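First the structure, in the form of C-alpha cells, and then the observations on it.
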2 protein chains.
Amino acid sequence: MSVEEMLKKMAEGARHASRFMRNLGRREKDQALLRMSALLLEKEDLIKKENEKDLLKARDLGLSSAMMDRLILDSNTIRSMVDGLQEVVSLPDPVGRVTGMWKRPNGLRVGRIRIPLGVIGFIYESRPNVTVDAAALCLKSGNAVILKGGAEAIHSNIILGRFLDEALEETGLPHEAIQVIPTTDRQAVQALLHLEDDVDVIIPRGGESLIRFVTEQSRIPVLKHYKGVCHVYVDEFADKEVATEICYNAKVQRPGVCNAMETMLVHESIAPDFLPPMIQRFRESGVEIRACTKTLAFIRDARPAIEEDWPAEFLDLILAVKIVSHMDEALDHIERYGSKHTEAIVTRDYERAQRFLHEVDSSVVLVNASTRFNDGNQLGLGAEIGINTSKLHAFGPMGLEELTTQKFIVYGEGHTRP
Amino acid sequence: MSVEEMLKKMAEGARHASRFMRNLGRREKDQALLRMSALLLEKEDLIKKENEKDLLKARDLGLSSAMMDRLILDSNTIRSMVDGLQEVVSLPDPVGRVTGMWKRPNGLRVGRIRIPLGVIGFIYESRPNVTVDAAALCLKSGNAVILKGGAEAIHSNIILGRFLDEALEETGLPHEAIQVIPTTDRQAVQALLHLEDDVDVIIPRGGESLIRFVTEQSRIPVLKHYKGVCHVYVDEFADKEVATEICYNAKVQRPGVCNAMETMLVHESIAPDFLPPMIQRFRESGVEIRACTKTLAFIRDARPAIEEDWPAEFLDLILAVKIVSHMDEALDHIERYGSKHTEAIVTRDYERAQRFLHEVDSSVVLVNASTRFNDGNQLGLGAEIGINTSKLHAFGPMGLEELTTQKFIVYGEGHTRP
C-alpha cells in the first residue's frame, strides 16, 4: 500500500469515526480519557523503552541537547501527560451547548448549537507528549484526529498511539478516532494535506518553515500561527516599577516562546528615568540589546538595531528597543512590524489604555500585564491546542470551544416560504 | 503597471484603509451607506447607460435570457439595491460588542470583543447588484473590500464602484475601503489570491467551478459554498398535509437556488398514501421525477434514478425520490450524499425530531419546515453575504457578525507570570 493509499484509508476511517464521536455525551468521552491516563501509568516501562530508541537515534544524529530534552519521556513527563489528561476530563464539554435561540416573526424557532469540526489533521514537531495532549483535546471536543509528529519521535509516538487506541477500544469508542501516522515518510504530510473530502481542518504546530509548507500545500483550511513578534509599549504615564516588572517578565521569564516580548517601545519622556536601570537589569540576566538611534544616546555600548531586528522573532535573550516620541509612533510601529499576536501597554492614563486596547489589531491586547499571559490556560479557556494568528475561525489561543463550530437548528410547525 | 502590480497596490490600499475602518463607530458607517443610497438614485441614468454597454455586449455574445436577466440594472433593481443599503443601515453594528468578560483567580480581567476581519476579497459572477450588497455588508462590519465581479458586468460594476467611492469620500472615509477591480483580465483573480500578506479572507460566490478554482489557487483562507444537495425526510409519523406543503415548497417555490430540495426521502410505511398524490402535484408543476426502485413500484412511468442522481444539485425542476425502510437508512443516505447544507425532517414523533436535529451534520437542520429557510434573512441574521458549507469560522449563512472575529482584551494591575 502506498503512503497515499494509507493516508486515504486513515482519513476515511477518521471520517467514519467522527460520525460516532460527534454524538457522544461527556461521560463516554471522559471515561476514555481516564482509561488513557491509567494506561499511560501502567505502561510506563514500555513507553520509556520505545522512547529510548528515539533517544539513541537522536544521539547518533548529534541532535542538540535542547532537542534531546524535548524528546525525552521520563516519569516526570509521563506524569505531566497524565495530569494533562485529567485536566481535560475536568473541562466542560463544549458540544451541544446552545449559544442562542430566538423566535422569528413567523413563529419559527431558530437556535445555534455547538458541534465538533469533524476530522482534524494535527501536524507537529519533536515533543511526543503533544501526541497525548492534542488527542485528548480533539476527543473531548468530539472530533476524530490524525496525528503526524516529528520523525525523531516516531517510536514514542507509535507506542503512545497504541495505548490511546487501547483505551478507546476498552471503553467502546472507535479506534479510528485517534490515529498516529506510523511512518516518517515526508510524503505522508503531503498526502494528508490533499484529503479535502475527509479532513475538515489542519492544525500545524512548529517552526515557521513547517507552517509555511503546510499553508502552501494544503487544500484544507489551516489554523496557523506563524510567529509572535510581541511588543510592550511603556507610555510616558507608566508606573516605572510596574513597567520594569512587566518588561522583565515578558522578556526573561521564558524567552524561547511565542508570547515573549521581542521589541520594547519606550516613550521619550519616560526614557531618561526608566531606560538605564531597565537595561542594566536586562543585561544582568544576559539579555542582548539592539538599540534604535535614540536609545543609543542612553546606552552607548549597545548594538545598534538594524531594519531586520524590528520584525524579528528572536526567541532568545535578545531585545530590540525603540524610543518613540508619541503614542501614535508606537501604534504605527506595531502596525508595521507586529505579527498580530500579543501587545501590551503600560500606563496609568485611562484614555491611552482604552485607545491601545481598541486600536491594536492583535489576538491578545493587554494593559498593565505581561505578554506572557497569551495562553489558553492563563486566559481561562482551559488547555489550549495552539494559538491562531490568522483571523478566521478563532483569533488567538484555541481551547476546546475553538475545536467546535456551530450549526443552526430550526423548530417549525409546517412552515413554508411564501 | 502589470495586473499583479495593480492588485498589490489595491491590496496595500485596502490594508491601509482597514486600519481606519476598524476604528469607526456606527454613525460614520451608516452615514456613508445612506449617502450611497442617495447617490444611486441620483445617478440612475448614468448607471443605466453603463449597464446598457454590458447588455449590448451580452446580446452580441448570445448570452441566455436568464443571464441577461441577471445582468440588467433597471429602476427596479436600482431601487432594490437602495432598499438593501437601507436595510444594512438598520442592522446593529457587530464591531465592539463584548461577547464575554471574566475575572481570573489572579485578578486579571479578560474579555472577548468583536473586531472586523480586515481586508476581504470578494469574487462573484454576473449580477452587478452584488457589488453594492457585498460592499455595504463589508463596510458596516468595518472591513475593507476588494470586489471582482463577472467580466460580463464590468461596465456596470465600474460605475457602481465609482459612486460607492464618491459616497466614501463625501463622508470622510478612505476610498480604498471599497475597490472594484477595473479589469476583466482573469490574471487579476489569480493575483488577488496570492496576496496573503494584505488580504485576510476570500469569499467566492458563484458556480462550483469558480469555487474550486479559488480554493485550489488561494493561499488565503476561503469561506466557500460548493453546492446544496438538500434533503427532506418524510418520516412514517409525518402529518401528510404538512409533508406535502413542505416538500412542494422546498422543490418548487424557487428551484434554482442552493437551499431547494434535491432529494426527497420517504419512509416506506407512509409511501403508499403520501407518494402518489405528492408526485401527481409535482408533475402538475412540471417537476421531473428520478425514482429509486421502490418508488418505481408506485410511479411506474417515472425515470429510474441512477447513481449520479443522488449527489446531484439539479438547480432545476428535477427531484430524486427514494423510499427508505427506516430512519437510519435516511440518515445514512444524507451522510453519504448530502453536502452539509440543509436537511429537514417532517414528523410528529418527538424522539425522531430530536434525533434528526442532533445527528444530521448540516449547517441548518429543520423539523417541520421547508429547506428554503436556510437564508440569513429568514433565520434572523439580517442580510447575508453567503452561505459557508465548510465548518471553519462560520457554518451556514453568514451575516454581519460572521464578517467579524474576536480578540481578547486584558485589564491587568501590573500582572506578571510567576
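The values are calculated or read from the model by the stated rules, or taken from the named source; none is laboratory data. What you see is a predicted model, and the numbers here were worked out from it, not measured in a lab. Please note: Cβ atoms are built from the backbone with ideal geometry, for glycine as well, and neighbour counts cover all protein chains shown.
Could you tell me whether residue A:335 is more than 9 Å from chain B (Cβ to nearest Cβ), modelled with pLDDT of 95 or more and more than 19 Å from residue A:241 (Cβ to Cβ)? In short, no. Restricting attention to the range B:113-122, does a residue exist that is outside any loop (DSSP other than H, G, I, E, B), away from chain A (no Cβ under 14 Å) and in contact (Cβ under 8 Å) with a residue 60 or more places away in the chain? Looking for residues that are outside any loop (DSSP other than H, G, I, E, B), away from chain A (no Cβ under 14 Å) and in contact (Cβ under 8 Å) with a residue 60 or more places away in the chain, one finds at least one in the range B:113-122, hence yes. Residues that are surrounded by fewer than 24 Cβ atoms within 10 Å (Cβ to Cβ), part of a loop (DSSP other than H, G, I, E, B) and touching a residue at least 40 places away in the same chain (Cβ under 8 Å) do not occur anywhere in the range A:158-169. Only a single item in (1) over 16 Å from residue B:238 (Cα atoms); (2) away from every other protein chain (no Cβ under 14 Å) is not met by residue B:324, and it is number (1).
Restricting the range A:369-378 to residues that are within 8 Å of another protein chain (Cβ to nearest Cβ) and part of a helix (DSSP H, G or I) leaves a set whose member that is nearest to residue A:259 (Cα to Cα) is A:372. Residues in the range B:379-399 that are out of contact with any His (no Cβ under 9 Å at 6 or more places or on another chain) and more than 7 Å from chain A (Cβ to nearest Cβ): B:381, B:382, B:383, B:384, B:385, B:397, B:398, B:399.
Collect the residues in the range A:286-303 that are exposed (fewer than 12 other Cβ atoms within 10 Å of the Cβ) and within 34 Å of the chain's Cα centre (by Cα), keeping them in residue-number order. Show your work before the answer.
Restricting attention to the range A:286-303, the residues satisfying the condition of being exposed (fewer than 12 other Cβ atoms within 10 Å of the Cβ) are A:286, A:293, A:300-301.
A:286 - this is the single residue of the range A:286-303 that is exposed (fewer than 12 other Cβ atoms within 10 Å of the Cβ) and within 34 Å of the chain's Cα centre (by Cα).
Which pairs turn up if I take residues in the range B:199-215 that are within 14 Å of chain A (Cβ to nearest Cβ) and closer than 13 Å to residue B:145 by Cβ and look for partners that are outside any helix (DSSP H, G or I) and hydroxyl-bearing (Ser, Thr, Tyr) with beta carbon separation below 7 Å, at least 6 apart in sequence or on another chain? Within 7 Å, the pairs are B:202/B:218. The range B:39-111 holds helices (runs of 4 or more DSSP H) entirely within its bounds, and those carrying 1 or more residues that are modelled with pLDDT of 95 or more and surrounded by fewer than 18 Cβ atoms within 10 Å (Cβ to Cβ) map to B:44-61, B:75-90. Residues of the range A:183-196 that are in contact (Cβ under 8 Å) with a residue 60 or more places away in the chain, surrounded by fewer than 22 Cβ atoms within 10 Å (Cβ to Cβ) and in a loop (DSSP other than H, G, I, E, B): A:183, A:185. Out of the range B:400-418, which residues are closer than 14 Å to residue A:392 by Cβ and facing chain A (nearest Cβ under 7 Å)? B:405, B:406, B:407, listed by residue number.
Select from the range A:251-268 the residues that are in a loop (DSSP other than H, G, I, E, B), surrounded by fewer than 21 Cβ atoms within 10 Å (Cβ to Cβ) and touching a Ser or Thr at 6+ places or on another chain (Cβ under 9 Å) and list them in ascending order.
Initial filter on the range A:251-268 (in a loop (DSSP other than H, G, I, E, B)): A:253-260, A:268.
Those still in the list that are surrounded by fewer than 21 Cβ atoms within 10 Å (Cβ to Cβ) too: A:253-257, A:268.
Hits for the range A:251-268 are A:253, A:268.
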